[in-house]
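Please treat every number below as a calculation from the coordinates, not as lab data. It should be emphasised that the depicted structure is a prediction, and the values quoted were computed from it without experimental measurement. All Cβ positions, even for glycine, are placed from backbone atoms using ideal geometry, and neighbour counts span all protein chains on display.
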Amino acid sequence: MKQPFMPDIHSTHQVQPPFRFCPLCSGRLDKKQIKAQEPERLVCSQCSFVYYLDPKVAAGTVTLFEDRIVLVKRGISPGYGKWVIPGGFVDRGETLEEAAVRETLEETNLHVRINSLLNVYSYPGHTVIIAAYLAEVLAGVPAACDETLEVGLFPYKEIPWPELAFFSTRDALKEYGKRYLGSTL
């Protein structure tokens with residue numbers, strides 16, 4: 001049986017990072033209100049560098065294989081053992097589309113091409129912004145890879161809605177159903 005890969009870093013994306021020192025001069029970072037209408041920022045007590053806590057960006061695909069939607073069962077946290085669309089974090093210097101294609105290959109063994117943007121999802125209190133694309137398979141056979149326990153192929157009406165890991169997966173699948181199947185789920 002595949003052992004779960006669960007590094008601590010995955011569980012920290014939804015909480016305040018524990019940064020305490022300035023990356024420029026190693027001075028202490030303190031929370032300060034810089035502008036009245038903005039949240040507190042981390043500001044260096046020595047050099048006044050402002051450390052902006054920017055969101056993480058992820059990209060994924062709604063992909064059809066033989067007229068069924070490709071979902072992967074996560075083999076990492078968060079959402080271990082739950083179903084999601086193939087996707088993951090965008091690397092620095094990589095386009096959203098490149099990341100969606102790369103992540104789909106890494107998680108499903110499928111080479112895909114992006115057809116269109118479904119939507120971009122963000123949620124209050126969450127640090128990840130997700131771009132979901134509609135993709136078509138160019139080559140490959142679905143297979144679980146490093147971070148996945150299983151690849152599932154589901155007709156739209158048989159998607160395991162209660163077993164989905166993230167709001168973004170649910171919302172992207174509903175958008176797909178509404179836009180291409182006339183679904184009103």
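The simple spin-label model puts a point 7 Å past each Cα toward its Cβ; for I34 and V141 those points are separated by 5.4 nm.
Note on the chain: Lys pairs 8 or more places apart or on different chains, Cα atoms under 20 Å apart, count 9.
Between S45 and K178, residue separation times 0.36 nm minus the direct Cα-Cα distance comes to 42.8 nm. Near the amide H of G81, within less than 5 Å, lie the amide hydrogens of R74, G75, I76, all on another chain or at least 5 residues away, with H placed in the peptide plane. Once both labels are positioned 7 Å from their Cα atoms along Cα-to-Cβ, the gap between E163 and V120 label points is 3.3 nm. Rounded to the nearest 20, the Cβ-based charge dipole of segment 56-181 about its Cα centre (Lys and Arg +1, Asp and Glu -1) stands at 420 debye. For the chain, the convex hull spanned by the alpha carbon atoms encloses 140 Å³ per residue.
If the chain linking V128 and T95 were pulled fully straight, counting 0.36 nm for each residue of separation and taking away their Cα-Cα distance, it would gain 10.3 nm. Apply 1/(1 + (r/R0)^6) to the Cβ-Cβ distance of Y52 and I76, taking R0 = 25 Å, and write down the FRET efficiency to the nearest 0.05. For Y52 and I76, the calculated efficiency is 0.40. In terms of overall dimensions, the C-alpha atoms belonging to segment 68-155 reach 35, 28, 27 Å along their principal axes, ordered largest to smallest.
Taking 0.36 nm per residue of sequence separation and removing the Cα-Cα distance, the L153/R68 pair yields an extension gain of 30.1 nm. Summarising the strand pairing of the chain, around 75 percent of its internal DSSP beta bridges are antiparallel.
Couplings 3J(HN,Hα) of segment 124-140, computed from phi: x, x, 10, 9, 10, 10, 10, 9, 10, 10, 8, 10, 10, 7, 9, 6, x Hz, in residue order, whole Hz [Karplus 6.51 cos²θ - 1.76 cosθ + 1.60, θ = phi - 60°; x for Gly and Pro]. The C-alpha atoms of the chain define a longest principal axis, and helix 167-176 lies at about 40 degrees to it.
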